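Heads up: the structure comes next, in structure tokens.
The values are calculated or read from the model by the stated rules, or taken from the named source; none is laboratory data. On a predicted model such as this, the values are computed, not experimentally measured, just so you know. FYI the Cβ positions are ideal-geometry reconstructions off the backbone, even for glycines, and counts take in every protein chain you see. Protein only, heavy atoms only, side chains kept; ligands, DNA and RNA dropped before computing areas. Shrake-Rupley method; radii C 1.70, N 1.55, O 1.52, S 1.80 Å.
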Amino acid sequence: MIKGTITALFMTLIARTSYDPMITNDVTEEYDFIVVGGGASGAVVARELSDKTGMTVLLLEAGDSDWGNRLVPSPTMFDMLQESPANWNYDIAKQKYSLLEMGENAKYPGGKILGGSTSINAMDYLRGSPHDYDSWEDHGAKGWSWKYVEPFFRKNENAIDNKISEKAGREGLLNISISYQHPFSRRLVTAAKEIGIKEVDYFDEIEGISPLVCTRYKGLRQSSSDAFLRSGYKERQRSLHIVTNALVSKVHFVTDTNGKQQATWVSYMKEGKINNVKARKEIILSAGAIRTPQILMLSGIGPKNHLKEMEIEVVVDLPGVGANFQDHYGIFAYHAIDDNQFVSQSTPESIKEYIMNGTGYDSAVWGGGAVLHFKTKYFGTNVSLSTKKRPFPTIQVILTSKNASFFFKPRENYRLHTAWMVGVQHPKSKGEIRLKSANPTDQPIIDPNYLSEEDDIKMYIEGFRKLEELEMTKAMKAIGFRMITPEACNGALYINPPRPDEFYRCYAKSYGFPAAHACCTAKIGRENDEMAVVDERLKVRHVEGLRVADASVMPHVTSSNTQAPCYMIGRKASEIIKQDWNINE
Ligand SMILES: Cc1cc2nc3c(=O)[nH]c(=O)nc-3n(C[C@H](O)[C@H](O)[C@H](O)COP(=O)(O)OP(=O)(O)OC[C@H]3O[C@@H](n4cnc5c(N)ncnc54)[C@H](O)[C@@H]3O)c2cc1C
């Protein structure tokens with residue numbers, strides 16, 4: 001085992017300096033399928049359509065190869081990765097109700113690299129609640145309820161930890177394992193039980209406290225590129241061509257014999273040149289919830305008035321493109337701890353443990369930890385259009401043991417502290433993606449519109465109340481656990497709980513950040529829903545030969561982080577496409 005881990009580390013960190021044998025520049029004139037974007041969903045689609053199907057597939061990725069990037073494999077490089085060119089690092093439109101502390105410095109992250117955001121994310125693997133998908137079906141996504149999507153989660157997963165529930169898949173390509181569990185995680189479980197929170201296995205039941213499961217193998221990140229593109233790539237080298245640094249700028253349409261617009265060509269920019277390539281069967285957009293709507297709009301599919309304003313010829317007036325933007329707004333809560341055995345950071349010993357065994361603090365993003373989901377009295381009422389009140393959890397808290405950097409200058413010198421991320425899982429506030437210009441190299445405008453709905457703030461306040469309950473447990477008091485309040489928001493007055501609503505209202509507006517779970521900007525919906533962009537088979541409405549398969553198609557955001565649902569979307573999309581084209585393996 002030790003030898004295996006050292007070999008894996010060596011292979012990954014040292015051997016990955018050479019050129020990437022999986023990438024080609026040898027692009028032919030046409031392919032059966034063209035997939036745009038090699039992230040969570042796109043990598044799965046590209047693999048599934050090219051694997052023993054007799055089809056040819058071209059995968060175009062705007063970012064660089066992940067192969068030579070030394071920051072990607074190691075979980076502790078997470079913070080450095082965010083500062084690197086592997087992150088699109090988008091500007092965010094000025095927010096009125098949120099991100100007040102960050103102001104114009106607030107950036108929206110997204111993976112610009114093969115593997116997409118899975119190559120730079122925090123690796124937490126969480127499927128969401130079964131009720132999320134039943135609610136998707138309520139919203140018009142026929143065939144996407146839990147009973148239909150659950151098999152596709154399982155097909156992707158390979159749970160390498162025996163401790164993970166039998167409900168997780170064990171034969172898929174994506175390795176998942178339980179994150180490093182610091183002694184603080186056990187202390188949290190004791191505290192949670194004191195206030196009536198159950199300890200659960202996330203795969204069996206979402207509500208309660210559970211160890212985090214993450215996309216990690218032998219201490220190294222598992223991205224969609226590792227799991228779905230690199231494994232056995234030689235067998236697919238003829239059927240799957242992967243081109244990196246290729247920014248897709250437009251989908252072109254030809255009017256078919258029935259007068260329908262048929263998506264036929266894709267233009268992409270590489271090394272300053274524009275190239276065109278033809279799809280015999282279909283083009284699949286998997287560029288993520290920010291860029292997929294941008295490509296649609298650049299191609300003439302979107303809200304008519306906005307396209308005219310940008311001087312883009314309208315192919316189809318689809319008002320839902322770029323609308324319905326949803327995300328989780330993360331807020332850090334910091335707590336001081338007096339007992340140093342309950343706070344962790346990278347040390348020479350932990351690094352040694354990581355190199356020898358692939359375990360310990362350095363094998364996890366932010367020291368690993370636990371995840372807590374619970375309902376508030378607003379549960380189930382916060383998804384607009386929902387005909388039924390689905391009982392999914394309202395709040396998620398990712399509980400880490402990390403001595404993280406502060407959003408504000410602490411009033412005292414705390415030697416040790418932890419940072420927890422609190423998020424309302426089904427916010428009412430919705431934003432949008434709009435074009436800045438018709439130039440494909442311009443970033444789109446991202447307006448998340450966080451906290452524009454008062455109910456969202458009320459839910460955050462309830463979330464913080466739960467943290468106060470934890471703060472007051474015997475288990476936490478025994479280790480000197482207490483919230484660190486800022487100078488702002490009259491924080492000096494509220495050192496001890498209960499703190500007034502006004503304090504938490506101010507705290508929430510000031511100290512949040514984008515959790516980067518962007519979704520829902522080309523949602524699935526019924527034919528009579530004018531804001532629906534794709535049908536339940538992911539076909540873009542009113543055109544032929546064009547589908548979307550990524551976070552954009554979600555009708556609403558899920559009760560947890562979004563990579564697992566995106567992997568599922570990729571897998572289910574592949575199955576649908578194979579059925580529609582009668583492709584058998
Ligand atoms: C910093 C960060 C931390 C996160 N942490 C977690 C976490 O811990 N757990 C979790 O579940 N989720 C997390 N997420 C979210 C999760 O990774 C995403 O929801 C998921 O990867 C989205 O999948 P996707 O296929 O829709 O898009 P992506 O994975 O983002 O892939 C889109 C791909 O398309 C490419 N692309 C974009 N435009 C073009 C173009 N014009 N031409 C060609 N290619 C293009 C991009 O470069 C990218 O590679 C995090 C995200 C980020 C950014």
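Worth pointing out:
- Rounded to 10°, Cα long-axis angle of helix 146-156 versus longest principal axis of the chain: 90 degrees
- Protein heavy-atom surface of the chain, 1.4 angstrom probe: 49% of the accessible area is carbon and sulfur, with nucleic acids and ligands not counted.
- Between 0 and 90°, nearest 10: helix 40-50 axis offset from the chain longest Cα axis: 40 degrees
- Summary of packing: across the peptides 148-160, 187-199, the per-residue average of other C-beta atoms within 10 Å ranks them, highest first, as 148-160, 187-199.
- Each 10 Å bin from 0 upward holds the following percent of the Cα-Cα pairs of segment 107-204: 13, 31, 37, 19, 1.
- In loop segments of segment 494-534 as defined by DSSP, the GluC sites (Glu not before Pro) with at most 15 further C-beta atoms inside 10 Å of their C-beta are 527, 530.
- Counting only protein heavy atoms and a 1.4 Å probe, the chain has 39 square angstrom of accessible area per residue.
- Entries of 270/402; 218/402; 304/458; 402/458; 402/430 with Cα pairs more than 29 Å apart: 270/402; 304/458; 402/430
- Figure legend: label point modelled 7 angstrom from the Cα of residue 530 along Cα→Cβ; residues of segment 313-334 with amide N under 12 Å from it are 317-320.
- Cross-link partners of residue 52 among lysines (Cα-Cα below 26 Å; sequence separation of 8 or more within a chain): 155, 234, 278, 281, 539, 572, 578
- Point-charge dipole on Cβ atoms (K/R +1, D/E -1) for the chain, about Cα centre, debye to 20: 580 debye
- Centre separation in Å (Cα based) which lies between segment 58-131 and segment 290-325: 24 Å
- Count Lys and Arg as plus one, Asp and Glu as minus one, and take only other residues whose Cβ is under 13 Å from that of residue 267; the net charge is then +4.
- Sorting 436, 539 by solvent-accessible area of protein heavy atoms yields 436, 539, largest first, with a 1.4 Å probe.
- Packing-based ranking, highest mean first, of 545-554, 566-575 given that Cβ atoms within 10 Å are counted: 545-554, 566-575
- When 32, 317 are compared by accessible area of protein heavy atoms, the largest-first order is 317, 32, using a 1.4 Å probe.
- Take every DSSP beta bridge whose two residues both sit in the chain; close to 65 percent of them are antiparallel.
- Evaluated over the Cα positions of the chain, the convex hull gives a direction-averaged projected area, one quarter of its surface, of 24.9 nm².
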